Structures are given as structure tokens and as C-alpha cells.
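Chemist: I'd like to ask you about the structure that follows.
The values are calculated or read from the model by the stated rules, or taken from the named source; none is laboratory data. Here the structure is a predicted model, which means the values were calculated and not measured. Cβ: placed from backbone, ideal geometry, glycine included. Neighbour counts: every protein chain shown. These accessible areas exclude ligands, DNA and RNA; they are computed on the full protein's heavy atoms, side chains included. Shrake-Rupley method; radii C 1.70, N 1.55, O 1.52, S 1.80 Å.
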Amino acid sequence: MALAAAPRPVVLVSRSRGTTGTASAMAQGGIAAAVGPGDDAVFHAADTLVAGACHNHVGAVLDLAQAAPEAVQWLGSLGVQFDRAGDGQLSLGREGGHDRARIVHAGGDATGHAVMQVLAAAAANAPHVHWLAGKTLQAIGLAADGRVAGVRVCDVAGRSAQLAAADLVLATGGIGALFSATTNPEGADGSGLALALAAGAEGRDLEFIQWHPTAFASPSGRHLPLVTEALRGAGARLVDEQGVPLMQGTHPLADLAPRDVVARRLWRHRRAGGQAWLDARRLDEAAWRQFPSVLSLCAQHGIDPRSDRIPVTPAVHFHMGGVAVDPKGESSLAGLHAVGEVACSGVHGANRLASNSLLEGLVCGRLLGARLRSQGKRAAPVLRWVDAGPDADGESRERLAMHLTAALGPLRSGESLAAAMAAITADPAMAGRWQGRLALALLAPAMARKRSLGAHYRVDSASAGNIRQGIETPAYGETA
Ligand code: SIN
């Protein structure tokens, strides 16, 4: 976004220096783009819609799929070295929900790192970008007419500063850190979304939360490293403790079914007391060269995935919902824009297709930047400041994570949602803090949506009455 806004001056505020601690830099998957022989943006769009349970904004899906090849080319022109086959053509990998190999990677399973390094260097060298690192967004200033007029940021020592801004773009990532198990970094705590909602912006699809089936099942900590789905694209299989394939008979695409289907299967298996493993022992040495991050992760845990199976568990990975934005990235609050995981343009529907998230950030970010380039409004004076509210303490955050994980997992029920809402509402140490308010904002639409759709799967909608009314909706092709 910042690069495309040139020459309009941009102040880039980030918590970390460089790209450390961002979900984009951690992305092991790549970028989906219809660049292979015989592929077409229409096929990419169709897979995106099927994965999203057709809850997607169809126009946004087509635009995204059509823009993907050019976005890859643009990154290449900036210096991203995409992986290529011996003949010089882009190497294409396959991931869940795609009908063919369509994912470009850089550095094997380190695409996010490669892309973010190049973009960060370009932003650091861009004369129109002033990068304020080590700062957190604390409050939004609103003018007399209600539009955005400024931001208040704060550093680790608690010193705050106010900046005038006629346009504010949120790119603050997801909400995984609110849960007990997530592939997201610590900073993905939903604070940007909470602030936008507090300032009056509308949210959309907040109940749709994607669980990735294969986080590394580490015994300690809530931030679990990802074991990329591309391994299953290369031939790895999910198995139980006896080595029996877990996905066979669950979906025609088996291990490469859309993520929500695979996550539910593993969640059920683990809830029944089983363990899930990724068996990648059949991959040859050439294939393993595409997975340096997984090899190094496993080595840190004393595992050699060429001879050992990898323990895996579902973990929160991506929020399809977020600040409601139109196809131009504009929210319902004048002057507030959002892009990437914090935003919900409707492109991902009820469940994001693999390797569409870096793509969305790139394509929508560039479009938004280009649009804001020509809107050089002056910021009006700030009439009032809005923040999200006080922070919950560590213990309350743990309790909140437990309630959210129990209620908003891959399998949900009215009973568990109501229990979580009641427990949070009754406890001022949660309900009176921004994390608690955000949690209730996620739980309420999940409670209201009685019918299963994509990543929102209501086990109680399978009651006899509901089936008679035809409101049980397993994923396309899934054996319920
Ligand atoms: C993965 O590599 O499994 C995740 C990619 C994505 O989030 O799309």
C-alpha cells in the first residue's frame, strides 16, 4: 500500500523494526496465481468460491484471481526470487482446495520472508515513506464531522505522540493471539479490529475463523509453528497413531480437502483421544529441498521428518472476518481504510483458500495505495479521541483464550457459545477490557448464525429438526 501511494507522503507505523513478528513474514505457503499451462483465473476463482462456501463476494474473487499473475510479476520486478524449475519456468506447488498446482514460492517454504524482505527494503528506501518503527497504534482522532483526523501512537516506554492524518489504513493482521493455540505471532491480537469497531466502523463476518489443521503439536505455549500444507501437496499424508490415513473417505480431495474440512476431522479425532501425525516420509531429497523451514523446525524438536512422523494439531490461523470494507478498501467510517487480514472485503467468504492471503494483501494493498495517491485531503482538527479501552491482565487473557477456544473451534454449538458469552460477560476483568469486548463481538454472530457454513460449523444444527429444514450444510463434497 505504502509503495503504491507515492508520491503522497505516508507515515508507516509498525510495532516491530523490519518485518519481525508479522504473520506475512512467517507465511510458509506461497502466492496462488493462475500462471501454469492450462490454468486460468476463472479456475482459481472457482476454487476460491468452493473453499469459501460461496459466501464470497464474487466480483472481488474474480478481480483477485485476475490480478494474481501481474502481482507475481511485479514482485519479481522488485527482486523477489521465485523458485523455478530447470527449464526456467516458475515451480508450482499444490495446496488444499486447489484443483491443480498453482502456488508460487520463494525460498521453498519461506515465501513470506522473501516477499517481506523485498517490500520492507523498498519501503525503507522510498523517499515518500517515513517509517516509525517500535510504535503501537493507541487511538484514532475523529473530526467534528466524524471522519478520521489523526492517530495517537505510543512507544514501549509509554511515550505517546499524535499525528494528523486524513486517511488511516489499518493493516494490523488477525486475531489468533486471542486463542489458546495459534499459528499467528503475538502481535496478531485483534487490537486493530477492536480499535476500528470502537471508533464506529462496521465489522463483517466476524464469526468466520480458520483453523489450520497442521500446526506443530508442541507441548508448551500457545504460538505453534506451522507445518505447511504444501507438504501434503507434495505427497505427505495425515495419519493416526496406527498409521491409518485420517482423510480417506472424508472428502474426495482427501488430504487436500479445504482446510475447514481437514481441521474438523483432526479436531474430532483428537477430541476422541487420538493423536494426529503428518507422515511425510515418502518425500524424496529433491522434494525436501522445498521445505527448509519445516526441516529446521523439526530439527529444533529432535525430529527428522524424513524418518519420523510430525505431530500436528489444529490451531487458529486466519480470520476471514474483519473491518467491513468495500472493494476499494474503504470502511463505513470516513477516512478509515483496511487491508489484509484485519479487513473483510468478502473475498475469502466463509473459509480462505490456501495461499490467497499474501495475494490479497498485495493486490488490495496496491489498489488502495493507488487510490489514496490522488486523494490529498488535509486532516481536519481532532474533536475527540477514541481508544479501544483498557487492556486485560495476563491471567484474564488466559481465561479469555480458554473460553474462545472452547466456543469458536472447528466444531461449535449454541451451548458452548452461550457458556463462553455468559462467562465473559459476568467477569469485569474480561468484559470491561478491549479483548473481552472483541471476544463478545466474535461470539455474538457465531451464536446468531445457526446454520453451518464454511469454517463456522455448528454441530447442533445437525439435530433432526434442523436436518428436516435443510439447514445442515457440510462443506462441498464432505462426508458429514
Ligand atoms: C500453509 O502453508 O499451509 C499456509 C498457507 C496459507 O495460509 O495459505
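Chemist: Restricting attention to the stretch 371-385, report how many residues are of a type outside the set (Lys, Arg) and either within 11 Å of the ligand (Cβ to nearest atom) or outside any loop (DSSP other than H, G, I, E, B) (or both).
Modeler: 2
Chemist: Determine which member of the set Val80, Val156 is under 30 Å from Asp326 (Cβ atoms) and either at pLDDT 95 or above or out of contact with any Cys (no Cβ under 9 Å at 6 or more places or on another chain) (or both). Before the answer, list the steps.
Modeler: Details: Val156 fails: under 30 Å from Asp326 (Cβ atoms).
After applying the criteria, what remains is Val80.
Chemist: Is it the case that some residue within the stretch 28-44 is within 16 Å of the ligand (Cβ to nearest atom) and farther than 13 Å from His98 by Cβ?
Modeler: Yes, the stretch 28-44 contains at least one residue that is within 16 Å of the ligand (Cβ to nearest atom) and farther than 13 Å from His98 by Cβ.
Chemist: Taking Pro245 and the conditions (1) closer than 27 Å to Arg102 by Cβ; (2) within 16 Å of the ligand (Cβ to nearest atom), which numbered condition does it fall short on, given that it satisfies the others?
Modeler: That leaves (2) as the condition not met.
Chemist: Residues being within 16 Å of the ligand (Cβ to nearest atom), closer than 30 Å to Gly329 by Cβ and not aromatic (Phe, Trp, Tyr): count how many of those fall in the stretch 197-214.
Modeler: Residues flagged as within 16 Å of the ligand (Cβ to nearest atom), closer than 30 Å to Gly329 by Cβ and not aromatic (Phe, Trp, Tyr) within the stretch 197-214 amount to 3.
Chemist: Right, next: Residues to consider are Ala401, Ala420, Ala379; find the one that is open to solvent by less than 10 Å² (accessible area, probe 1.4 Å) and touching a residue at least 40 places away in the same chain (Cβ under 8 Å).
Modeler: Ala401
Chemist: Tell me which residues, restricted to the stretch 212-223, are hydrophobic (A, V, I, L, M, F, W, C) and open to solvent by 10 Å² or more (accessible area, probe 1.4 Å).
Modeler: Ala217
Chemist: I need the helices (runs of 4 or more DSSP H) fully contained in the stretch 259-370, keeping only those with at least 2 residues that are touching a Phe, Trp or Tyr at 6+ places or on another chain (Cβ under 9 Å) and within 16 Å of the ligand (Cβ to nearest atom).
Modeler: On the way: elements: 259-271, 285-288, 292-300.
So the answer is 259-271, 292-300.
Chemist: Something else: Which ones in the stretch 106-160 are within 16 Å of the ligand (Cβ to nearest atom), more than 14 Å from Gly18 (Cα to Cα) and open to solvent by less than 10 Å² (accessible area, probe 1.4 Å)?
Modeler: The answer is Ala106, Gly108, Asp109, Thr111.
Chemist: Is it the case that Ser413 is of a type in the set (S, T, N, Q) and crowded, with 20+ Cβ neighbours inside 10 Å?
Modeler: So Ser413 fails the test.
Chemist: Keeping to the stretch 404-444, report how many residues are polar (S, T, N, Q), closer than 27 Å to Ala139 by Cβ and touching a Ser or Thr at 6+ places or on another chain (Cβ under 9 Å). Show your work before the answer.
Modeler: Step one: of the stretch 404-444, the residues polar (S, T, N, Q) are 405, 413, 416, 425, 435.
Filter once more, keeping what is closer than 27 Å to Ala139 by Cβ: 425, 435.
Those left that are additionally touching a Ser or Thr at 6+ places or on another chain (Cβ under 9 Å): 435.
The qualifying residues number 1.
Chemist: Let me ask another. Looking at (1) closer than 25 Å to Leu362 by Cβ; (2) within 16 Å of the ligand (Cβ to nearest atom), which is the one condition that is false for Arg237?
Modeler: (1)
Chemist: For the subset of the stretch 36-56 comprising residues that are buried (at least 20 other Cβ atoms within 10 Å of the Cβ) and assigned to a loop (DSSP other than H, G, I, E, B), which member is nearest to the chain's Cα centre (by Cα)?
Modeler: Out of the qualifying residues, it is Gly52.
Chemist: Assigned to a loop (DSSP other than H, G, I, E, B) and open to solvent by less than 40 Å² (accessible area, probe 1.4 Å) - does that describe any residue in the stretch 58-74? Don't jump to the end; show me each part of the working.
Modeler: Filtering the stretch 58-74 down to residues assigned to a loop (DSSP other than H, G, I, E, B) leaves none.
Checking the stretch 58-74: not a single residue is assigned to a loop (DSSP other than H, G, I, E, B) and open to solvent by less than 40 Å² (accessible area, probe 1.4 Å).
Chemist: For the stretch 424-453, which positions are surrounded by fewer than 16 Cβ atoms within 10 Å (Cβ to Cβ) and not in a helix (DSSP H, G or I)?
Modeler: Ala426, Gly432, Lys450, Arg451, listed by residue number.
Chemist: Something else about it: Please name all residue pairs, on different chains or six or more residues apart, with Cβ atoms under 7 Å, provided the first residue is in the stretch 173-197 and is under 18 Å from Ser16 (Cα atoms) and the second residue is away from the ligand (no atom under 16 Å from the Cβ) and assigned to a strand (DSSP E or B).
Modeler: Close Cβ pairs satisfying both conditions: Gly192/Leu137; Gly192/Leu170.
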